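Step one of this worksheet: look at the structure below.
The values are calculated or read from the model by the stated rules, or taken from the named source; none is laboratory data. It should be emphasised that the depicted structure is a prediction, and the values quoted were computed from it without experimental measurement. In this analysis, Cβ positions are derived from the backbone assuming ideal geometry, glycine residues included, and neighbour counts consider all displayed protein chains. Just the protein is used for accessible areas: all its heavy atoms, side chains included, with ligands, DNA and RNA removed. Shrake-Rupley method; radii C 1.70, N 1.55, O 1.52, S 1.80 Å.
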Amino acid sequence: MTEKLSIAPYKHHAIMCVGKACGENMPLLKYIKKRMAEEGLAEGEDAVRVNRAGCLGVCEQGPIMVVYPEGVWYANMDEAKVDEIIAQHLKGGKPLEMLAFHAQSAH
C-alpha cells in the first residue's frame with residue numbers, strides 16, 4: 001500500500017528565480033529562507049513555502065520573486081526588498097504595489 005502524499009499547510013507560496021541569466025541568486029534565496037524562519041513564517045498557520053525556479057522569463061528585471069495566491073510578481077529583488085515584502089505582504093497581508101510589476105488579482 002502506498003502512503004498518501006502530504007505537505008504542511010502554508011498561507012503563501014514564494015517562488016524565487018535562480019536562473020543563470022539573473023545570476024542564479026542562491027545567496028538571495030538563502031537570505032529569504034533565513035528571514036522567513038526569523039519572522040516565524042517557516043511553519044504554522046502563516047507559513048510561507050519558499051521554492052526556487054529556473055528562468056521566469058523576465059530576465060531584464062531579475063531577480064524575480066512571485067508570491068501566490070495573489071500572483072504578485074516582484075522585480076529587481078535584493079535583501080531590502082525581501083524585508084519589505086515580508087513585513088508588508090507576507091505578514092501584513094498587503095502586496096507592495098510600488099515594488100510589483102504584475103498582479104493577477106486586484107488588491
Just to be sure, is LYS20 charged (D, E, K, R) and in contact with a Gly (Cβ under 9 Å, 6 or more places away or on another chain)? yes
Restricting to segment 4-26, and then to whatever is without any contact (Cβ under 8 Å) to a residue 60 or more places away in the chain and assigned to a strand (DSSP E or B), can you tell me which residue is surrounded by the most Cβ atoms within 10 Å (Cβ to Cβ)? CYS17
Listed residues LYS91, LYS81; which is among the charged types (D, E, K, R) and open to solvent by less than 50 Å² (accessible area, probe 1.4 Å)? LYS81
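Just to be sure before I move on: is LEU29 open to solvent by less than 60 Å² (accessible area, probe 1.4 Å) and either free of Cβ contacts under 8 Å to residues at least 24 places away in the same chain or among the basic types (Lys, Arg) (or both) in the structure I sent?
Answer is yes for this residue.
Would you call TYR74 under 12 Å from the mean Cα position of the chain (by Cα) and either open to solvent by 60 Å² or more (accessible area, probe 1.4 Å) or at positive phi (or both)?
Values: under 12 Å from the mean Cα position of the chain (by Cα): yes; either open to solvent by 60 Å² or more (accessible area, probe 1.4 Å) or at positive phi (or both): no.
No: the conditions fail for TYR74.
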Which ones in segment 50-84 are free of Cβ contacts under 8 Å to residues at least 40 places away in the same chain and outside any loop (DSSP other than H, G, I, E, B)? VAL50, ASN51, ARG52, ALA53, GLU60, VAL72, TRP73, TYR74, ALA80, LYS81, GLU84
